C-alpha cells in the first residue's frame, strides 16, 4: 500500500472554494480504487496550507487512477473548478509506505 500526501498552498481568502474542490475529489479517489483519508483545512497557524491523504494498494494502482482521471468528466470538472476559482496556488505530492 502507498499513501499519497498532498500539501496545498491555497488562497487564504478562498477556503470555501477549496473546501468545495476537496469535497469533489473524495468520492473520485474512491471511485478509482483508492481510499481517501480526508482533507485537512487550516485551523490554527498558517492560514494558507491544506493537506490531503489517500491510499492506493500500490503505486501501479495510483498510476491507473491518474490515467483514468484525465479522461473522466467528473475529474475534469473538478480540475476546471480549481482553475476557475484559483483557490489553489501550488501543491506538492509525496508518497509514503506504512511501517
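See the values below:
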item: Answer from 54, 95 - the residue that is surrounded by 15 or more Cβ atoms within 10 Å (Cβ to Cβ) and either in contact with a helix residue (DSSP H, G or I) (Cβ under 8 Å, 6 or more places away or on another chain) or on the phi > 0 side of the Ramachandran plot (or both); result: 54
item: Filtered residue count, region 6-30, keeping only those that are part of a helix (DSSP H, G or I) and either buried (at least 16 other Cβ atoms within 10 Å of the Cβ) or within 13 Å of the chain's Cα centre (by Cα) (or both); result: 16
item: Residues of region 73-87 satisfying the condition of being in contact (Cβ under 8 Å) with a residue 40 or more places away in the chain and either farther than 11 Å from residue 32 by Cβ or exposed (fewer than 15 other Cβ atoms within 10 Å of the Cβ) (or both); result: 74, 77, 78, 81, 82, 85, 86, 87
item: Selection count where residues are farther than 12 Å from residue 28 by Cβ and either in contact with a helix residue (DSSP H, G or I) (Cβ under 6 Å, 6 or more places away or on another chain) or free of Cβ contacts under 8 Å to residues at least 12 places away in the same chain (or both), scope region 59-69; result: 3
item: Sole residue being in a helix (DSSP H, G or I), modelled with pLDDT under 95 and surrounded by 12 or more Cβ atoms within 10 Å (Cβ to Cβ), chosen from 69, 47; result: 69
item: Single unsatisfied condition, residue 42 versus (1) in a helix (DSSP H, G or I); (2) surrounded by fewer than 18 Cβ atoms within 10 Å (Cβ to Cβ); result: (1)
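The values are calculated or read from the model by the stated rules, or taken from the named source; none is laboratory data. Remember, it's a predicted structure, so these values are computed and weren't measured experimentally. With ideal geometry, Cβ positions are generated from the backbone for all residues, glycine too; neighbour counts draw on all protein chains shown.
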